[in-house]
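The values are calculated or read from the model by the stated rules, or taken from the named source; none is laboratory data. These figures come from a predicted structure and were not determined experimentally. For neighbour counting, all protein chains shown are included, and Cβ atoms are generated from backbone atoms with ideal geometry for every residue, glycine included.
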């Protein structure tokens, strides 16, 4: 299965394309505000509003043989620990080897933003190449998860 932290996910269409081609049941989890897909493989899950409610729903269910798509590093860490394959929307895999560093970087950046409230900026815009890289990474991750599920 694929679990998508869907509220701010820029690659929902790419997830649906890959899930449809590989015939994988997918959960788009959000607090609302996204349009449900008519695709029978794509199930929209609407959770109550509140901090981390969607994350908790995903973390309670994702495990070995599943793929999780999220930019949320604490959620990614929980899912990696549970044995899921985790991808960020840019196609970067978060694994047991790098999720600790990602958590530390996240915490450092939060501290820097708190120390300088006028600090502006963000990452570069999400590009077509990012979408393509993500779709390829998701395809590989789903196939890897399927192989692991069978063993």
**Item:** From the options 129, 137, residue that is closer than 24 Å to residue 15 by Cβ, at pLDDT 90 or above and surrounded by 10 or more Cβ atoms within 10 Å (Cβ to Cβ)
**Value:** 137
**Asked** So residue 89 clears everything in (1) in a loop (DSSP other than H, G, I, E, B); (2) more than 14 Å from residue 138 (Cβ to Cβ) except one condition, right? Which one?
**Response** (2)
**Asked** Which members of the stretch 22-64 meet the condition of being exposed (fewer than 14 other Cβ atoms within 10 Å of the Cβ), at pLDDT 95 or above and touching a helix residue (DSSP H, G or I) at 6+ places or on another chain (Cβ under 8 Å)?
**Response** 25, 39
**Message:** The conditions are (1) within 19 Å of residue 142 (Cα to Cα); (2) assigned to a helix (DSSP H, G or I); (3) touching a strand residue (DSSP E or B) at 6+ places or on another chain (Cβ under 7 Å), and residue 57 fails exactly one of them. Which is it?
**Reply:** (1)
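Okay, residues lined up against (1) touching a strand residue (DSSP E or B) at 6+ places or on another chain (Cβ under 9 Å); (2) assigned to a loop (DSSP other than H, G, I, E, B); (3) at pLDDT below 95:
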{"residue": "9", "(1), (2), (3)": "yes, yes, yes"}
{"residue": "16", "(1), (2), (3)": "yes, no, no"}
{"residue": "74", "(1), (2), (3)": "no, no, yes"}
{"residue": "105", "(1), (2), (3)": "no, no, yes"}
{"residue": "109", "(1), (2), (3)": "no, no, yes"}
{"residue": "113", "(1), (2), (3)": "no, no, yes"}
**Request:** Give the residue, chosen from 24, 80, that is more than 16 Å from residue 8 (Cα to Cα), more than 15 Å from the chain's Cα centre (by Cα) and either touching a residue at least 12 places away in the same chain (Cβ under 8 Å) or not in a loop (DSSP other than H, G, I, E, B) (or both).
**Result:** 24
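Residues are listed down the side, and each one gets a yes or a no for (1) under 23 Å from residue 133 (Cα atoms); (2) in contact (Cβ under 8 Å) with a residue 12 or more places away in the chain:
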position	(1), (2)
3	yes, yes
14	yes, yes
35	no, no
48	no, yes
60	no, no
73	yes, yes
